[in-house]
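Worksheet: one structure, shown below.
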Amino acid sequence: MHEVSDERRQRWEALTEVPLLIASLLFLAAYAVHVLVPPTESWLHGIALAVIGLTWLCFAVDYLVRMALSGLPPLRFLRSNWLHTLVLVLPMLRPLRLVQIYAALQRRRDRPRMELYARVVAYAGTSALLLGFTGALAVYQQERYAPGASILTFGDAVWWTCETLTTIGYGDVVPVTPMGRSIAAVVMAFGLTLLGAVTGSFSSWLIQVFERDEKGPPRNGSSPGAPQ
């Protein structure tokens, strides 16, 4: 029974990878339009909100189907699929599905195009760009009209996101609204995670390079392990 459930889940994931990739792209585009387009263009905002609602519905259906196919109790499924839960609850994290779906597409190949360390850096970099852009949109949406706000333009929001993701935090622009600060907490947490992933991968790669250099080239042009 468990093998049948796994087979159904794998078929569902293979079937929905490309549609969910498109839904993630559409959400990001619609959210950008909703935040950046002037309020006078009400028809554009109406289309953007409709697309945002439809993409959320796609993610909700995917989440419920995955839960049903897993055969797990809801709480256990929630713990073991925390990224899907966060993507469903927090709209600003939905573009991260682009990275997850791309990783799933790579796993379907016989051999990934990039080595492990390169994939870690590429995925972390892509996640940082997506999270940074979406976080800047979300903070700008919350802060631009708030009394005493220092994030008044989208450029300010992008600069603040760069400071936050890199854990520099100059303090020249900061969110002042409760929702803006909540978004900041999410961006800081993911920024630390991504920075740790890149730093750890780079350190591991350096250690391998140094170990290989210490061993040195084979003597007399012979290959390692060859009879002398």
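The values are calculated or read from the model by the stated rules, or taken from the named source; none is laboratory data. Note that the structure is a prediction, hence the values are computed from the model and not measured. Ligands, DNA and RNA are stripped out before the accessible areas are found, and what is left, the full protein with its side chains, is counted by its heavy atoms. Shrake-Rupley method; radii C 1.70, N 1.55, O 1.52, S 1.80 Å.
Accessible area, 1.4 Å probe, largest first: how do ARG144, ARG79, ARG8 sort? It would help to have the intermediate numbers written out before the result.
Working: ARG144 55, ARG79 160, ARG8 125 Å².
Sorted descending by solvent-accessible area, the residues read ARG79, ARG8, ARG144.
With a 1.4 Å probe and every protein chain left in place, tell me how much accessible area TRP43 has, in Å² to the nearest 10.
150 Å²
At a threshold of 8 angstrom on Cα-Cα distance, excluding pairs fewer than six apart, so keeping six or more, what relative contact order does the stretch 122-183 reach in percent? Before the final figure, lay out each step's value.
Numbers: 64 pairs, mean separation 22.5, N = 62.
Once divided by the residue count of the stretch 122-183, the mean separation gives 36 percent.
In what order, largest first, do ARG181, ARG66 sit by accessible area if the probe radius is 1.4 Å?
Numbers: ARG181 140, ARG66 25 Å².
Descending accessible area places them as ARG181, ARG66.
Enter the accessible area of TRP82 (Å², nearest 10), with the probe set to 1.4 Å and all protein chains included.
Its heavy atoms expose roughly 140 Å² to the probe.
Just to make sure I understand: if all protein chains stay in place, what is the order of THR177, THR40 by accessible area at 1.4 Å, largest first?
Numbers: THR177 25, THR40 120 Å².
Accessible-area ranking of THR177, THR40, largest first: THR40, THR177.
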